[in-house]
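Input: a single structure, listed below in structure tokens.
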Amino acid sequence: MKRKKTLGRKPRTTFVLYVLHVLLIIIIFLPLVFAFTSSFRPLSDLYRYVSPLSWKTFIPTNVTLDAYITIFTEGGYGRALLNSLFIAVVTVAAGILFNGMAGYVFAKYNFPGKRILFFLVLLSYMVPFELLSINLYDMIIKLNWVDSYKALIVPCIANGMIIFLFRQYYLSFPDYMLEAARIDGMGHFGTFFCIVLPNSKAICISAGLVLFINQWESFLWPVLVTRSKEMYTVQLALSNFSTQYTKNWDQIFAGSIIAFLLPVAIIMPLQKFFTAGLTSSGIKE
């Protein structure tokens, strides 16, 4: 009898869990749906149907592309998108190269002060960026890099967490492959570029996605080092879609949807590699 009661509860429990999951999905996606639909309606309609809530709040009756047209023709959003893409791609390429080499050295080489230096690398990631920004900004001024791509890219290449991920991954990299490369006469750089890096696809994708998202979502640093609208990134362009007395919510929603969908389109096909790279970088000694 007890067994029958237990079995009888399982479908009911499963149903309740499904209902809770559906409610959670609705709660999470409703703001996104509202932003998406609001980007296709005039600004006056947006204020008209926002309260009280009804089906017209989420389904536009007067569909228009004015917000999307305006942000590209008048708001300079196209240039901001290209700037962010260029900055993110260059940072990813350089970040994988330099952080990967650093992680490989920490994993496979012994040298004086290795533990202290690795501790400092980890410490650099734990320190909030706000504490470093003033000193970094002072360096950018002295180098005369203000309002340039160098100011937006170079300080963001080195990343303590990415070095840690590479180091953890390379701890389990087969030593016999490295020894075979040395026997064949390969030097340190040849071994890294010809043997190690080509066999590190998962961790490179994981590290690249982290660096890409960091740059794509960056706001504070671009605010500090940019002056002209030609150097605006996506986040700065979004903050600029407002006047002194009001905010152009239709344009903000349109720009936000584009800024949201582009990283998602990149992350989704690479999700399995991202997960594999992170799981392969577990705690190792």
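Rule-based calculations on the coordinates, nothing more; no lab input. Note that this is a predicted model, so its numbers are computed, not measured. When we count neighbours, we look across all protein chains shown, and the Cβ atoms used for this are built from the backbone with ideal geometry, even at glycine.
Rounded if a/c is under 1.5, else prolate if a/b beats b/c, else oblate: with a ≥ b ≥ c from the C-alpha gyration tensor eigenvalues square-rooted, which is the range 10-135? Oblate, because a/c is 1.5 or more while a/b does not exceed b/c.
Amide hydrogen proximity for Phe173: with H placed 1.01 Å from N in the peptide plane, no residue at 5 or more positions away or on another chain lies under 5 Å. Close amide-amide hydrogen proximity is noted between Ser242 and Asn248, each under 5 Å apart and 5 or more residues distant or on a separate chain (H modeled in the peptide plane; Pro and chain starts excluded). Hydrophobic, long helices, defined as DSSP H runs whose alpha-carbon span along the helix axis is 24 Å or greater and whose mean Kyte-Doolittle value is at least 1.0, occur in the chain at 77-108, 249-267. If you take the Cα centroid of the range 118-150 and the Cα centroid of the range 163-200, the two points sit 30 Å apart. Dividing the summed -39500 (n - 2.57) terms of all DSSP H runs of n ≥ 4 by the residue count of the chain sets its mean residue ellipticity at 222 nm at -22000 deg cm²/dmol. For the chain, the relative contact order works out to 29 percent when only alpha carbon pairs closer than 8 Å and six or more residues apart are counted.
Derived scalar couplings between HN and Hα for the range 39-49 equal 6, 9, 10, x, 4, 5, 5, 4, 6, 5, 9 Hz in order, rounded to whole Hz, by the Karplus curve 6.51 cos²θ - 1.76 cosθ + 1.60 (θ = phi - 60°), x for Gly and Pro. Loop sites here are trypsin sites (Lys or Arg not before Pro) outside DSSP states H, G, I, E and B with no more than 12 other Cβ atoms within 10 Å. The longest part of the chain free of them is 1-226.
Which one, Ser228, Ile87, Pro11, projects farthest toward the positive side of the charge dipole computed for the chain from Cβ point charges (K/R +1, D/E -1)? Farthest along the dipole direction, towards plus: Pro11. Its Cα centre serving as origin, the chain has a Cβ charge dipole (Lys and Arg +1, Asp and Glu -1) of approximately 1600 debye.
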